[in-house]
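Encoded as structure tokens, the structure appears first; notes follow it.
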Amino acid sequence: MNEAKTSIINTIFSMMINPSKAIKETLKKTKWYFGLIISGLAFAMFFLQTALDLLRTGQKGMDFVYFSVGIGAIYGVIVIPLISIIVWLLLKFTKSDKSITWTISSFCLSYSGALIYGTIGLIFSLFFSWKTAIAFGVTGVLWAIGPMIITVREMTNSKIVISVPIVTVFSGLVLVSWAFFSNL
């Protein structure tokens, strides 16, 4: 059991610190749904931070806080995998040999940094009453860009020219959809 916990923590930090190694080595040992858990938790925390910030400023009520956690979890478990499926379909034209489960797992695990930043941000939000959605939440989501670029690069046989624009567009969509949500 302790080895499993160590492996989970190593996977999360490895995806944040050395995503290339994690993608090449860790994904072979990790169940595909583990990424869904990471992504779901990361976005639940990110959306929770947003809701707490809006609660503190009097713009939203406590019901919005509860709603946000659920929407964040759904976002991480459904929207991020859908984005990865779209990327996978687009890259089938480049003769990518990566499976759909590998792609979903890689994209979702890219949000390991967002989970770490979300956890730290939530601590600062709850204990120090800081507004943390931008400082920690957005930073965590932006941290996922590097691992996603490496993921797409792996799918395109090291074609960085394809990787950067694809990840830029989809990462931008994630941030725009979050901004839309926070203005509901």
Pick from the stretch 20-48, criterion among the aliphatic types (A, V, I, L, M) and closer than 13 Å to S110 by Cα, ranking: modelled with the lowest pLDDT: L27
Single residue of the stretch 128-153 satisfying the filter (in a helix (DSSP H, G or I) and of a type outside the set (A, V, I, L, M, F, W, C)) that is farthest from A44 (Cα to Cα): R153
Answer from V152, V79, V174 - the residue that is in contact with a helix residue (DSSP H, G or I) (Cβ under 8 Å, 6 or more places away or on another chain), closer than 24 Å to L52 by Cβ and open to solvent by less than 40 Å² (accessible area, probe 1.4 Å): V174
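Output the residues belonging to the stretch 123-137 that are open to solvent by less than 30 Å² (accessible area, probe 1.4 Å) and among the hydrophobic types (A, V, I, L, M, F, W, C).
A133
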Residue that is surrounded by the most Cβ atoms within 10 Å (Cβ to Cβ) [pool: residues in the stretch 47-63 that are within 20 Å of G113 (Cβ to Cβ) and among the polar types (S, T, N, Q)]: Q49
Answer residue from the stretch 155-165, given it is open to solvent by 30 Å² or more (accessible area, probe 1.4 Å) and not small (G, A, S) and is farthest from D53 (Cα to Cα) among those: N157
Where Y66 falls short, out of the listed (1) more than 23 Å from I9 (Cα to Cα); (2) of a type in the set (S, T, Y); (3) surrounded by 15 or more Cβ atoms within 10 Å (Cβ to Cβ); (4) modelled with pLDDT of 95 or more: (3)
Single match in S112, S99, S84 (criterion: modelled with pLDDT under 95, open to solvent by less than 10 Å² (accessible area, probe 1.4 Å) and at negative phi): S112
The stretch 155-170, residues that are over 19 Å from I23 (Cα atoms) and either among the polar types (S, T, N, Q) or in contact with a helix residue (DSSP H, G or I) (Cβ under 7 Å, 6 or more places away or on another chain) (or both): T168, F170
Residue within the stretch 35-46 that is over 21 Å from V176 (Cα atoms), open to solvent by 90 Å² or more (accessible area, probe 1.4 Å) and out of contact with any Lys or Arg (no Cβ under 7 Å at 6 or more places or on another chain) present: no
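Could you pull out the residue among G146, G140, G118 that is open to solvent by 30 Å² or more (accessible area, probe 1.4 Å) and either over 17 Å from the mean Cα position of the chain (by Cα) or under 20 Å from V176 (Cα atoms) (or both)?
G146
The values are calculated or read from the model by the stated rules, or taken from the named source; none is laboratory data. The structure presented is a predicted model; accordingly, all values stated were derived computationally and were not measured. With ideal geometry, Cβ positions are generated from the backbone for all residues, glycine too; neighbour counts draw on all protein chains shown. Keep in mind that these areas ignore ligands, DNA and RNA; they rest on the heavy atoms of the full protein, side chains included. Shrake-Rupley method; radii C 1.70, N 1.55, O 1.52, S 1.80 Å.
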